Every structure is written in C-alpha cells, then in structure tokens.
Amino acid sequence: MSGLTLIASYPKSGNTWLRAFLASHLRDGRPIDLNADLSEVPNLTSRSLQDCHAGLEHSDLSRQEVALLRPLTSRRIAREQPGFYKTHDSNLVPPGAREPAIPPDAIDRVVCIVRDPRDVAVSAAAHFGWSLDDSVDRMADTAFCIGHSPRRLNANVEQWISSWSAHVESWLDAGGVQLLMLRYEDLLADPLESFTQLCRFLDLDDTRHAVSRSLEESRFSALAGQEARGGFRERSRTSTAPFFRAGKAGEWRTALPAVLAERVVGTHSRVMARVGYG
Amino acid sequence: MTDGLLCGWRIRSDIALPELLDWQGDDRIPDLVVRLGEVDERLPEGREISPLLQIDGTGAGLLQVPMVGRFLVRPSGGITIAPQPEASEAEIRLFLLGSVLGMVCHQRALLPLHASSVAIDGGAVAFCGPSGMGKSTLALRFAQHGHSVVSDDICVIETCEPPRVRPCFPRLKLWRDTMEDAALSPEGLERNRRGQEKFHFRAPHAGVREPLPLRAIFLLRRAGSGEGEGIQRLAAPLDIMAALEAETFRLQVGHALGRAETLFQARALIANDVPVYRLTRRADAQPDRWLDAIAATIRG
C-alpha cells in the first residue's frame, strides 16, 4: 500500500466507529484505549501533523494559503508517512486553491462513509452545540468548513466540507481512486458483512473470527463506556452530549421535527436517492 | 534607520523592525542585512525541503509564502525579500523573525528550539511543546509577574559550556482568548495575519541584551484521561535528547544544511548540563497555577 488510505466522511457519519474497529483490527483484535489507540488511524488534518510536514505553522497562514498548501502537504504525507487516515475533507477545490486538499495522486484508496442526512442533522446538532435548525442550515451550506476557530488555536487545520450533498458526491465521483462506499445504516444492520467487506477492500484479515473479534472490541457500548469513565479527547468543546451519544439509525423520526426533516429532503433529495435514502 | 539587535547579531533592514532592541554594540559590519528586492521563483539547483522551502548546495534558502512574499536567505547574512503587493510589514516581519530566523540559526550552527523563554533569576527558562500547548501563554504570565521575555517561538541556544540562550525579542504572539484570559486588551495591537484574532503583544519589561545561561527546559504536554498533573524531571539522557530533537525548530532545515552532527552535539551538551522537566497539565488548567511550581523547581 502506498499513499493515503482515507476513511472519509461528512462529520458525524460513523468515521470514529470505523477507526475504533481498525484500531483493534490492526493490532490483532486487541482491546482499544479510546484516547490512545485511535492514533492507528490518525486525523489527517491534525495541526501537529500538518505543521510537521508543511515545515511551518499553519497558524501563521491565511485561510487561502492553507488551502493552497494543503495538497502539497498531502503529497508529502503520502510519500513520507503513508497509511490510514481519517478525514472530513470534501474532495472539492476550496476557494482560492487550485486542487482539493487531498489530490488523487496522494490517495491509495478511499473508504467513504455515508449516513442518512436527517440523522446526521440530529447528531451534528449535539456534537457542535447547534440548534437543529442551524444544523440543517449548515448541512445545506456549500461554504461550510471546519477547523477554524477565530479566537483560539484549533487542534485541526481548516477543512473545506461544503454541503452534505456536495461532500458526498465529491467522494462518490472521485476519479482515479479506488473507492468503497459504506452506509452507516448497513454497518449497523449487518456489521459482520459490512466490516468484512471493509477488510477485504483494505487487504486486511477478513476471516469471520478476526472481524467478529474487532467488532466486539469496538462495539458502541464499549466506546460509550470508556467515554463515560475517562472522557474522549476528540469530543467537541461546544458539544451538548457525549460523543458516543446514540449510535442508532432512524433517530430523526422522533428527534427531528417534521418540518426540518422535510427541509433536509428538499435540499438533498437527489443525492439521498442516489445513495438509497428514500 | 537604526540597526537592531537580534540574537547577538547586528541587523540592518530596509523594513522597520520595531520588535527589536537597538544595536548598542561595537561598530562592526552588520551580521545580517535585510533588503527589499527581486527574488526568483526558483533557487537554481535548489532542493525542496518542505512545500514552501528550497535549499541549495551553498546553504542558501528560499522561502515562499503565497500572499506574503519570497525570502532569499544567504549564508553570508544577506536576506532579500520580494514582498507580495498586498503584504503588510507586520506579515513580512512575522516570517522574517520566524521561519527566516530559524534558517539563519541553522546556517550558523546554533540550536533553535521551538520554545518561548523568560528570564528567571538571571538565567533563561524555556517552554517547549506543540502549538496550542501554552508556550506563549506561560511566557505572558511570567512577564505579567515582572520577568523579561527572552524569546517567543524560537529559543536560540548557543552550545558553549554551560549552554546559553541568545535573546530574540520581547514579543509574544497571542490569541484573543489568551489575552482576554490574562485581562489584556488586544485593541490597537498588530494582527498576526490580516483578519486573524491573533495579535503581536510586546512584553512590558525591557528586553534582554546579553546571552543568558539556560537554566532549565520544560516540555509542556497535556494530561491524558485519568492522568495526574505535575512536574517530572527527565533522568535518561537519551530521553532528553529525543525530546530535544522533536522540539528543534525546522529540524529538516538543519539537516538539509548539514547540521545533523552539530545538532546532535548540542542536544548531548544540554542533556548533560541542563535540567529538563516534563510539565503535564490538564487542558483547562489555569496558567498562573504553575508559575510558583516552575520557579520552585528551578530553584531546587
């Protein structure tokens, strides 16, 4: 494997679950420490990683300079530190840049996780400390980005997310890269089958025994239990709920007012239909 | 324009460098001369060290910051800057007194640590750590208690016995939240970059002119879940040397300039002569809480 193997998703779509699974699976199914072992699949946009490979501090750069620099740094990371990485970047070209933050030639393969945007809206509201209304609005915002805190240093560098629809399609339509799309709902409905597919795609041990063992170590109750006991360093500062909050599909039916659910569908219907959310 | 004092060097510059103390030393030829002029996009026979930096076989470096300008840094001490039309002087100085200074240190075989430092009891105490770990914040809090700021991002170490810190300038780069937490207003201060809520704060006490013995180094780190806070001295020289390597400012530049050996010797000397501590704090720890403990640790 050479280059970056990405676990790519819009925020709150199951990325951390896959990382937890891989953190165990890559270490022969051993139990995971939530606050240490997710580093098996580190965040590509971590400020320290980006600063190290860029050879300067992103906090001294303008947003446009960061957008120009990121593809160059991605290529450098792909060359010098290839492996698994998590990202919420879209595969779109941010304003002022000439290419996406992670250009295709830096990528080995991509696992793209997609989740019903109505559930994403509920989860993102709790994670970022937004109202449900705001959450739905931001998912429609084609200029949405994360990793930028105006008043203090953010642990990540800036990521151009765009709207939920644009984000999902940017990866689904990525040319020139090997891609596996997984739906969060399918991961929940049949974990063994979905994660076996994941392991096969990543050239990892896909035997039933190994996959089941890693699934057991990364089950929701174990992760939520660890967070309850020792906290989770990746939880947002503005969050209003635990990071591992529900871990369910279809929560929007009770948690999202009908008018907002309709707004999500109105905005994202085409892409929702494309990935099977009727 | 008066020449300035930077890390013991006499510096003459086409652009004003208000952060620096005036040169009051002998009438030597300036060690560093900063000129505005043309700079080519490529360094002939330059090798790419990082995405925005090339270095050639003579030891010259070319840094290109897209919206700020090109900086050509010759080992002779000649620095030519070709600014972008929209760049402000503050933005040019940010890179001149940051990345370029780091390169000059490597060209001159000094050890630049990614650290802030303050004067305590006639010596310099350095705080190292990744961005966001509180280096500048600690320096600010010491400054508010009457200590001089010796350096902010780059702590320049001269490897004599005992190792000494060459003072940079008493300016700190601080985010708005950090300033407001310290009851300071950023109103009227220069911004780090246009539109950014990070400011250049000049510490109130007169800067330091002469090199100071390096009294101690504190490696700042965040406590993991369930881990306690505290100060722990590193005992094993190999641990100290590994930590100092990780904290070297622009290590790749030093290596590209053929300084691996001298950097190794510098780390070995520090590991032998200077106490190095790990300061583990929680993310929400009040900065002032640690000032007394740090001072007490140094005083033994």
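Bear in mind that the values in this text are calculations on the coordinates, not laboratory data. Keep in mind that what you see is a predicted model, and the values were worked out from it rather than measured. Here the Cβ positions follow ideal geometry from the backbone for every residue, glycine too, while neighbour counts run over all protein chains shown.
Summary table
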item	result
Per-residue Cβ neighbour rank within 10 angstrom, fewest leading, B:Glu210, B:Glu91, A:Glu65, B:Glu245	B:Glu210, B:Glu245, A:Glu65, B:Glu91
Quotient of C-alpha Rg and 2.2 N^0.38 Å, computed over the stretch B:4-88	1.17
Relative exposure of B:Met103, B:Met67, judged by other C-beta atoms within 10 Å (fewest first)	B:Met67, B:Met103
Residue exposure sequence - A:Asp60, B:Asp239 - by fewest surrounding Cβ within 10 Å	B:Asp239, A:Asp60
Highest-MSF residue in chain B out of B:Leu96, B:Leu279, B:Leu184 [GNM, Cα springs under 10 Å]	B:Leu184
Computed over the stretch B:228-279: relative contact order in percent, which uses C-alpha pairs under 8 Å that are six or more apart	67 percent
Segment B:Ala268-B:Arg47, length gained on full extension (0.36 nm per residue, minus Cα span)	76.7 nm
Extension gain (nm, one decimal) between B:Arg209 and B:Ala293, 0.36 nm per residue minus Cα-Cα	27.5 nm
27 Å Cα cut-off, lysine pairs counted over the protein assembly as shown (separation 8 or more, or different chains)	6
Cut-off 10 Å between beta-carbons: net charge of the residues surrounding B:Asp31, Lys and Arg +1, Asp and Glu -1	+3
Average partner coverage of B:8-18, which counts Cβ from other chains inside 10 Å	0
Chain B: most fluctuating residue of B:Asp27, B:Asp273, B:Asp181 per GNM, C-alpha cutoff 10 Å	B:Asp27
Leading residue at positive end of dipole, the stretch A:4-274 (Cβ point charges), from A:Gly230, A:Cys145, A:Cys199	A:Gly230
For the stretch B:46-140, average projected area of the Cα convex hull in nm²	7.6 nm²
Whole-Å distance, taken between Cα centres, linking the stretch B:36-61 and the stretch A:27-41	41 Å
C-alpha center-to-center spacing [the stretch A:62-94, the stretch A:228-251] in angstrom	27 Å
Debye equation applied to the C-alpha atoms of the stretch A:68-167, log10 I(q)/I(0) at 0.11, 0.18, 0.21, 0.24 Å⁻¹	-0.38, -0.97, -1.21, -1.37
Förster radius 25 Å - calculated FRET efficiency between B:Ala223 and B:Glu245, Cβ distance, rounded to 0.05	0.60
Under 14 Å, Cβ to Cβ, from A:His268 - net charge with Lys/Arg +1 and Asp/Glu -1	0
Relative contact order [Cα under 8 Å, 6+ residues apart], the stretch A:18-109, whole percent	26 percent
Convex hull per residue volume in Å³, alpha carbons only, for the protein assembly as shown	160 Å³
FRET efficiency, A:Asp137 to B:Ser88 (Cβ-Cβ, R0 51 Å, nearest 0.05)	0.90
Whole-number D in µm² s⁻¹ for the stretch A:119-167, Kirkwood Cα-pair radius fed into Stokes-Einstein, 4 °C, 1.567 mPa s	114 µm²/s
Cα-based convex hull, the stretch B:144-300, per residue volume (Å³, whole number)	155 Å³
Computed over chain B: relative contact order in percent, which uses C-alpha pairs under 8 Å that are six or more apart	16 percent
Averaged over A:58-67, number of beta-carbon atoms from partner chains that fall within 10 Å	5
Label-point separation, B:Leu238 to B:Leu36 (7 Å along Cα→Cβ), nm	5.4 nm
FRET efficiency for A:Ala273 and B:Glu180, using Cβ-Cβ distance with R0 set to 45 Å, rounded to 0.05	0.40
Calculated over chain B: convex hull of Cα atoms, volume per residue (Å³)	140 Å³
Convex hull of Cα atoms in chain A, direction-averaged projection (nm²)	13.7 nm²
